[in-house]
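This report concerns only the one structure given below.
The values are calculated or read from the model by the stated rules, or taken from the named source; none is laboratory data. Predicted model, so just to flag it, every value in this text is computed and none were measured. Don't worry about glycine lacking a Cβ; one is built from the backbone with ideal geometry, like all the others, and counts go over all protein chains shown.
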Protein chains: 2
Amino acid sequence: MDRKCIGIDIGGTTVKIGIFTTEGEILKKWEIPTRREEGGKNILGDIAESVKETAKEMNIALSDFVGAGMGLPGPVEPDGHIPFCVNLGWKEGNPQEELSSLLDGMPVKSGNDANVAALGEMWRGGGIGFKNLVMVTLGTGVGGGIILNEKIWPGMQGVGGEIGHIHVVEGEQESCNCGGKGCLEQVASATGIVRVAKRRLAADPGASSLREIKDLTAKDVLDEAKKGDALALESLEISCRYLGWALASITMVLDPEAYIIGGGVSKAGTFLTEKIQKYHDELSPMATRKAKVVLAELGNDAGIYGAARLILG
Amino acid sequence: MDRKCIGIDIGGTTVKIGIFTTEGEILKKWEIPTRREEGGKNILGDIAESVKETAKEMNIALSDFVGAGMGLPGPVEPDGHIPFCVNLGWKEGNPQEELSSLLDGMPVKSGNDANVAALGEMWRGGGIGFKNLVMVTLGTGVGGGIILNEKIWPGMQGVGGEIGHIHVVEGEQESCNCGGKGCLEQVASATGIVRVAKRRLAADPGASSLREIKDLTAKDVLDEAKKGDALALESLEISCRYLGWALASITMVLDPEAYIIGGGVSKAGTFLTEKIQKYHDELSPMATRKAKVVLAELGNDAGIYGAARLILG
């Protein structure tokens, strides 16, 4: 029987689990709730139990698995040690060792969820064919993951790929969550796009369909820009230029093959990536072969794909 | 007899050559002129002859060398192929293969000179003890080299580590050599430091010892800043903030252990690196363990050290 692997993506609300062939074909995926109460002490036990049950139903012995990969919402050191994991209520520990022993010694490897998602997109998503790429997740914040030679590059302290906190805005007065002022996240995340739009509307008295919308969202800004609203479009160009600028800076450092754009904001499609590509290219004239800015394809499943790929080494 | 290795650093005027132990102790170093005439067709032959002569004088058989490393002033592909090398008059070719055959099949490996210098500083210079670092060379331009896991990271098209062309200045009107506007090099190289100082002097009518100096150099700006000239100091802070900003961006991407500052401008010592460190730290608040900004130590020998290290793999 061909061996299988397991991908686990632990989020603050649900744990996504998938069973894959070693070629990356998904055989089964499901979710269980993340029980964060009591310092999240049941989370790993719940996962182990659910994996064992499902394996039994599928007639797969635990020994038929190459192992399990796991994405965690926080920094993970190379040996799997974590300093803490706020979203899960965990303090210091080594969850990959714990899960391994709960799964009768099955090999388990873990990584930061943004990095793991990048690996998933490389394996079976928008990054197929690339071995060196940077994934950018445009959601509530701006996350990132760096893949070099088909492996995650986590950096010395897990800050590698935290591209939402590249400084781009001079003179910004409001603070970012990280403590800085002028981070990419403040102008290019879903909330950042709204922030830029509101400032643009406040600065320019011109007519705009955005003015009619209560509780403005990034989707509104993107939708109205697509429809041709001038102020929405101008505002979006500002956000996309900051994004393209940050990616151009990465190009002058890493010179990757591609940038994979994911997260809720990326639902705007090539309307968005073409703008990012334009500014990236403009701001990295020295790179004659331009890295491609492409859309992520796996959506919320990138984490389980990447986790499964992680254990394959 | 312990085996030896050879480090070769080919510049536009001279070729530096060194013979090293495999531990990085230098046994002999010398220079020969770079004969660029006739498309630089004699350069590799001259090197081979000079290496053979010196080896003979030192009673070392060619077979006692592990091999030779070579730093070239231009982009080098992983297999040693080069698209061109303007400074040497070379067109497309594979100089490492050519030199190998001129040295009776001795293994030869080549890399871009800035990257190779970074490797040298890691091996025996300011980067001893670090395996992941970024070297920044502040000379006429701003060069860079990236070392990850003790290896050069050249990027997909050799643009990796070209940190002088990270965009940092918004609204810049003059063009950089690369075709961009607002590159780090335009404000932080030796010429960039002078440029910033002249603009500062033009914008502020205040007294400054810099006004007395004809043909202002970066050294003048640094010297007068050290002596306490207010405008020189303000101007230097501007240049150092741009440098610290670019390094902070790299920290959010690669999260390295250290930045090694070399090149002529770095002769200003810790007076310079402390300022760069301050701005780097300020603009990367998310990195709690700060990468160290330290001085390069090998000066013009970094290239031969790095080239020798390159062939050791």
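Which of the residues that make up the range A:201-218 are part of a helix (DSSP H, G or I) and buried (at least 20 other Cβ atoms within 10 Å of the Cβ)? Within the range A:201-218, A:210, A:218 meet the criteria. Applying the criterion of being part of a helix (DSSP H, G or I) and among the hydroxyl-bearing types (Ser, Thr, Tyr) to the residues of the range B:219-271, the residue that is nearest to the other protein chains (Cβ to nearest Cβ) is B:249. Test residue B:61 against the criterion of being among the small types (Gly, Ala, Ser) and surrounded by 14 or more Cβ atoms within 10 Å (Cβ to Cβ), and give yes or no. Judged against the criteria, residue B:61 is not a match. Of the residues B:74, B:39, the single one that is exposed (fewer than 13 other Cβ atoms within 10 Å of the Cβ) and in contact with a strand residue (DSSP E or B) (Cβ under 9 Å, 6 or more places away or on another chain) is B:39. As a summary of the residue check, residue A:286 satisfies the conditions (1) over 23 Å from residue A:183 (Cα atoms); (2) in a helix (DSSP H, G or I); (3) in contact with a His (Cβ under 7 Å, 6 or more places away or on another chain); (4) of a type outside the set (S, T, N, Q) except for the one numbered (2).
Out of all the residues in the range A:263-278, is one or more over 26 Å from residue A:112 (Cβ atoms), in contact with an Asp or Glu (Cβ under 6 Å, 6 or more places away or on another chain) and surrounded by fewer than 24 Cβ atoms within 10 Å (Cβ to Cβ)? No, that holds for no residue. Within the range B:184-212, the set of residues being within 14 Å of another protein chain (Cβ to nearest Cβ) and free of Cβ contacts under 8 Å to residues at least 24 places away in the same chain comprises B:186 only.
Residue-wise test of (1) farther than 20 Å from residue A:304 by Cβ; (2) of a type in the set (D, E, K, R); (3) touching a residue at least 24 places away in the same chain (Cβ under 8 Å).
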| residue | (1), (2), (3) |
| --- | --- |
| A:73 | no, no, yes |
| A:76 | no, no, yes |
| A:80 | no, no, yes |
| A:87 | no, no, yes |
| A:92 | yes, yes, no |
| A:98 | no, yes, yes |
| A:102 | no, no, yes |
| A:108 | no, no, yes |
| A:117 | no, no, yes |
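A count restricted to the range B:90-107 and to residues that are surrounded by fewer than 16 Cβ atoms within 10 Å (Cβ to Cβ) and touching a helix residue (DSSP H, G or I) at 6+ places or on another chain (Cβ under 8 Å) stands at 3.
When you check residue A:276 against the structure, is it aliphatic (A, V, I, L, M), over 24 Å from residue B:134 (Cβ atoms) and in contact with a Phe, Trp or Tyr (Cβ under 8 Å, 6 or more places away or on another chain), yes or no? In short, yes. Checking each residue in the range A:237-256 for being among the β-branched types (Val, Ile, Thr) and closer than 22 Å to residue A:147 by Cα picks out A:250, A:251, A:253. Listed by first and then second residue, the pairs linking a residue in the range B:280-291 that is in contact (Cβ under 8 Å) with a residue 12 or more places away in the chain and more than 7 Å from chain A (Cβ to nearest Cβ) to a residue that is acidic (Asp, Glu) and surrounded by 15 or more Cβ atoms within 10 Å (Cβ to Cβ), with Cβ atoms under 8 Å apart and 6 or more places separating them unless they lie on different chains, are B:290/B:281; B:291/B:255; B:291/B:257.
The listed residues are A:215, A:229, A:255, and the only one of them that is touching a residue at least 12 places away in the same chain (Cβ under 8 Å), on the phi > 0 side of the Ramachandran plot and not small (Gly, Ala, Ser) turns out to be A:255.
In this structure, residue A:298 qualifies as more than 14 Å from chain B (Cβ to nearest Cβ) and over 30 Å from residue B:162 (Cβ atoms).
Scanning the range A:139-168 for residues that are farther than 23 Å from residue B:168 by Cβ and either at the interface with chain B (Cβ under 10 Å from one of its Cβ atoms) or modelled with pLDDT of 95 or more (or both) yields A:145, A:147, A:148, A:149, A:150, A:151, A:152, A:153, A:154, A:156, A:157, A:158. One residue alone among B:132, B:87 is closer than 29 Å to residue B:267 by Cβ, surrounded by fewer than 24 Cβ atoms within 10 Å (Cβ to Cβ) and within 14 Å of chain A (Cβ to nearest Cβ), and that residue is B:132. Taking residues in the range A:9-21 that are farther than 18 Å from residue A:57 by Cβ, and partners anywhere that are among the polar types (S, T, N, Q) and at pLDDT below 95, the pairs with Cβ atoms closer than 6 Å and at least 6 places apart or on different chains are A:12/A:87. For the range B:234-242, the criterion of being closer than 24 Å to residue A:161 by Cβ and buried (at least 19 other Cβ atoms within 10 Å of the Cβ) is satisfied by at least one residue. Residues that are buried (at least 18 other Cβ atoms within 10 Å of the Cβ) and more than 25 Å from the chain's Cα centre (by Cα) within the range B:168-200 comprise just one, B:200.
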